[in-house]
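Here the structure comes first, spelled out in structure tokens, and everything after it is commentary.
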Amino acid sequence: MKKGTRIVLWCALSLLSGCALWSPGPQGDLTVGRGAVQGWRLEGRIAVRQPTGSESGQLEWQLHDGTEQHLELRSPLGTTVALVDSSPVQTHLTLSDHRDYRASDPTTLTQTVLGYALPLQGLPWWLRGRSDPALPAQMEWDAEHHPQRLSQQGWVMTYANWRVVGGEWLPGMIRLVREDLQIRIKVDHWVLEQKE
């Protein structure tokens, strides 16, 4: 059997069996399924700068069902520093020494425990270069018609290094600024979870 025929047969069998197809994209990006986006995961690096100091590390961020977020912050060497699980009702933050914190306001919680605010209500939209449709926003586009600058809820986001993942344009670099706080996220890998 020819190689091309085997690949077509394998794809057909995978679809018939109901298994999700993992298709590689640029820079190791992946897509699960073929329909509308249900959730996503990004892996990359984060750098935080503010007057009290700066820090950097690795991160993994997941969004499920549009509202449930899981964030793992790691040191530059990959050791887990903090785990954040957030829903519209409550945010739970656990540090590496197993201290637990819970609050209904994730921005205040992350500011108090981590030393900088993570606007978790807006980030599921902003990380993909979109504004929260329920709130006023200002958007500027680049020459290729990708979002270049987004202002919403007192935050200003700028974007770069756009690429296609599963039919969606997604940024590879996100910079968030509010007053004297700057957060830069460099995405190494996107994984989109789509409907079958």
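FYI, it's all coordinate maths here, none of it is from the lab. As the structure is a computational prediction, the values presented were derived from the model and not from experiment. Note: ideal-geometry Cβ built from the backbone for every residue, glycine included; neighbour counts use all protein chains shown.
At 7 Å along the Cα-to-beta-carbon direction for both THR112 and GLN50, put a label point, then send me their distance in nm to one decimal.
1.4
Computed FRET efficiency, Cβ-Cβ of GLU140 and ASP180, R0 30 Å: what is it to the nearest 0.05?
Computed FRET efficiency for GLU140 and ASP180: 0.85.
Expressed as a rounded percentage, what relative contact order does region 150-196 have, with Cα pairs under 8 Å and six or more residues apart?
Rounded, it is 29 percent for region 150-196.
I need to check one value: relative contact order of region 22-194, counting alpha carbon pairs closer than 8 Å and at least 6 residues apart, in percent.
Once normalised by length, the contact order is 26 percent.
So how do TRP162, TRP125, TRP141, TRP40 line up by other beta-carbon neighbours within 10 Å, fewest first?
Lowest to highest Cβ neighbour count: TRP141, TRP162, TRP125, TRP40.
Between SER151 and LEU95, what's the calculated FRET efficiency when r is the beta-carbon distance and R0 is 30 Å? Round to 0.05.
Efficiency at R0 = 30 Å is approximately 0.40.
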